[in-house]
1. Looking at the stretch 141-163, is at least one residue modelled with pLDDT under 95, surrounded by 13 or more Cβ atoms within 10 Å (Cβ to Cβ), polar (S, T, N, Q) and on the phi < 0 side of the Ramachandran plot?
2. Being closer than 16 Å to S101 by Cα and of a type in the set (A, V, I, L, M) is true for just one of V63, V46. Which residue is that?
3. Quick one: what pairs do we get from the stretch 42-59, first residue at positive phi, second in a helix (DSSP H, G or I) and surrounded by fewer than 24 Cβ atoms within 10 Å (Cβ to Cβ), C-beta under 8 Å, 6+ apart or different chains?
4. Identify all residues within the stretch 1-20 that are of a type outside the set (A, V, I, L, M) and either crowded, with 24+ Cβ neighbours inside 10 Å or more than 23 Å from Q120 (Cβ to Cβ) (or both); write none if there are none.
5. If I ask for residues that are touching a helix residue (DSSP H, G or I) at 6+ places or on another chain (Cβ under 9 Å) and not in a helix (DSSP H, G or I), which ones from the stretch 21-45 would you list?
6. Within the stretch 81-103, restricting attention to residues that are surrounded by fewer than 19 Cβ atoms within 10 Å (Cβ to Cβ), β-branched (V, I, T) and within 19 Å of the chain's Cα centre (by Cα), which residue is nearest to G50 (Cα to Cα)?
7. What residue, among those in the stretch 51-67 that are within 10 Å of G29 (Cβ to Cβ) and outside any helix (DSSP H, G or I), is nearest to the chain's Cα centre (by Cα)?
8. Quick test for you: out of G110, G88, pick the one residue that is modelled with pLDDT under 95 and among the small types (G, A, S).
Amino acid sequence: MAPVKTVCVYCGSGFGGNPAFRVAAERLGAALARAGIGLVYGGGDVGLMGTVARAVMQGGGHVTGIIPDFLQAREHMLEDIQETIVVGDMHTRKRLMFERSDAFVALPGGIGTLEELVEQLTWAQLGQHRKPIVLVSVADFWSPLLTLFAHMREQGFIREGLDLSYLVAPDADAVVPMLRETGRGRDPEAERFVEERL
């Protein structure tokens, strides 16, 4: 598998209720910049999405923001990034984010973050891509979702041969090392990292 050069980060347009979420966004952005990995994200200057983008820029990294025109005011488009792409709808936004990214990382977020994450998991499950997908489970944020995945397996809705492929990072500092491992040939499609208690 080729080295990861760009990462699409899905995350909330708010900060959530735990200060650890903002810290994780800052640390992830700084880590991406140090590693020379470009950020592709939703283009806004609010919440965790704005935090991670500003951290990448402050570290000297490259940021591409892709935002639908109807969200420019609501999400306060971040003006200082190197590349901003304004599109007509959410479908175009998600397609471009996919095309421009070598991997996907999900920080804490809401329904939009979940929808984007699940779409990538579905596409990978159906063999449409083999790009790494990392869930950053800050303060066990993604544990309920992982429990749901386990329940789906137990009930026969995630069948053998169609399992989900993802990595779980306990914190933002673990993300870049995981992505570097995928670039050294480990196939994230062949193994699933979930928390031991599941």
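The values are calculated or read from the model by the stated rules, or taken from the named source; none is laboratory data. Quantities reported herein were computed from a predicted structural model and do not represent experimental measurements. Here the Cβ positions follow ideal geometry from the backbone for every residue, glycine too, while neighbour counts run over all protein chains shown.
1. No, because not a single residue in the stretch 141-163 is modelled with pLDDT under 95, surrounded by 13 or more Cβ atoms within 10 Å (Cβ to Cβ), polar (S, T, N, Q) and on the phi < 0 side of the Ramachandran plot.
2. Checking each option against the conditions leaves just V63.
3. Once the first residue is at positive phi and sits in the stretch 42-59, its partners that are in a helix (DSSP H, G or I) and surrounded by fewer than 24 Cβ atoms within 10 Å (Cβ to Cβ) give G43/L71.
4. Passing the criteria: C8, Y10, C11, F15, G17, N18, P19.
5. Result: I37, G38, L39, V40, Y41, G42, G43, G44, D45.
6. Going through the qualifying residues, I end up with T84.
7. It comes out as V63.
8. From the options G110, G88, the qualifying one is G88.
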